[in-house]
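Down below is the structure, laid out as structure tokens.
The values are calculated or read from the model by the stated rules, or taken from the named source; none is laboratory data. This is a predicted model, so every value here is computed, not measured. Methodologically, a virtual Cβ is constructed for each residue, glycine included, from the backbone with ideal geometry; neighbour enumeration extends over all protein chains shown. Quick note on the areas: whole protein, heavy atoms, side chains included, nothing else; ligands and nucleic acids left out. Shrake-Rupley method; radii C 1.70, N 1.55, O 1.52, S 1.80 Å.
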Amino acid sequence: MPLPAKAFQRWLQGIAPNASTADVCRISGIKRTTLAQQLVRGKVAEATVVSISRAYGVNPVSALAGFDAYRDLAPTVPPTRCELVSQISTPDLLRAVLARSAVDPAGQTSAEPPPLSPAPHATSVKNWVEAIDDGELRHRVSAATGVAPQNYSAQLSANRLSPELAIATSLAAGVGAAGGLVATGLITEAEAGWSADARQAALDSLPDGELTTLAGDRLQALGKTLKRQEHDQQQTDKIWENLG
């Protein structure tokens with residue numbers, strides 16, 4: 001949910017009382033026309049607040065929590081293990097499987113695991129929702145927000161989720177409100193209060209069987225996506241052939 005322009009201007013006055021709009025845009029990297037259009041419409045995007053917060057050394061989560069629509073971001077709640085694992089990319093999971101002694105032909109583990117790719121990744125949003133879903137989560141989110149389940153699923157398929165839906169999903173699942181914003185890429189792990197080694201620790205805590213099953217599920221989902229893309233491409237090619 002975009003933030004009210006008046007509330008945004010009060011917030012901006014609090015962190016940069018002597019800065020002009022041109023100063024704010026130059027420091028934050030936001031185009032002046034973009035900010036001007038948002039102010040004229042009376043709705044300022046969350047990403048704008050995040051960019052300005054970073055530019056002025058303010059934690060974006062704390063900044064967003066100061067607005068009524070995002071007050072649930074305070075206080076900080078640690079992520080669950082399943083949330084942390086959901087933010088590990090499929091290639092990183094596969095490397096972890098191959099590094100385990102149970103699947104290593106030599107029966108030895110790697111001396112030092114390679115660093116994990118930063119979140120978010122190609123399926124981070126969908127993986128995050130699936131990790132915290134008890135089977136009824138989507139229906140609860142739909143009831144709370146009025147967003148039709150099929151529209152919600154469409155966003156997940158595109159690996160995106162609006163900030164307000166990410167917060168609503170967190171609340172409906174009973175997890176920390178910032179997790180969804182990490183999955184969507186609006187904020188970083190550090191800004192959400194996650195420790196630097198949190199994802200690696202969660203990965204290391206997975207038993208071999210659980211890790212292998214998870215990696216297999218990810219591969220199966222990837223295979224379905226690739227097959228669908230190939231089918232769509234074939235259909236597109238046929239259309240162009242028929243058009244001559």
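Taking the Cα centre of the stretch 161-244 as the origin, how large is its charge dipole in debye, to the nearest 20, when only Lys and Arg (+1) and Asp and Glu (-1) carry charge on their Cβ atoms? It would help to have the intermediate numbers written out before the result.
On the way: 6 positive and 12 negative charges, 53 e Å.
Roughly 260 debye, rounded to the nearest 20.
Among ALA166, THR212, ASN127, whose Cα sits farthest toward the positive end of the charge dipole of the stretch 101-226 (+1 at Cβ of Lys/Arg, -1 at Cβ of Asp/Glu, about the Cα centre)?
After comparing all options, I get ALA166.
Need the list of lysines near LYS238 for cross-linking: C-alpha distance under 17 angstrom, and skip anything on the same chain fewer than eight residues off.
By straight Cα distance, LYS238 reaches LYS227.
Keeping every protein chain in place, order GLU189, GLU46, GLU164 by accessible area at 1.4 Å, biggest value first, i.e. largest first.
Working: GLU189 40, GLU46 15, GLU164 75 Å².
Most to least solvent-accessible, the answer reads GLU164, GLU189, GLU46.
Can you tell me the equivalent ellipsoid semi-axes for the stretch 1-66? Use √(5λ) from the Cα gyration tensor, largest first, whole Å.
On the way: eigenvalues 45, 41, 24 Å².
Over the Cα atoms of the stretch 1-66, the semi-axes work out to 15, 14, 11 Å.
If you place +1 on the Cβ of every Lys and Arg, -1 on the Cβ of every Asp and Glu, and leave all else neutral, what size is the dipole of the chain about its Cα centre, to the nearest 20 Debye?
Working: 22 positive and 24 negative charges, 215 e Å.
So the magnitude is around 1040 debye.
Once the convex hull of the C-alpha atoms of the stretch 53-204 is built, how many Å³ does it hold per residue, rounded to a whole number? Intermediate results must be reported in sequence, preceding the final value.
Numbers: hull volume 18.1 nm³, N = 152.
Given the Cα convex hull of the stretch 53-204, per-residue volume reads 119 Å³.
Report, ordered by chain and residue number, the aspartates and glutamates lying within cross-link reach of LYS31, taken as a straight Cα distance under 12 Å and ignoring same-chain residues fewer than 8 apart.
ASP23
Placing +1 on the Cβ of each Lys and Arg and -1 on the Cβ of each Asp and Glu in the chain, which of ALA192, THR225, THR34 has its Cα farthest towards the positive end of the resulting dipole?
So the residue furthest toward the plus end is THR34.
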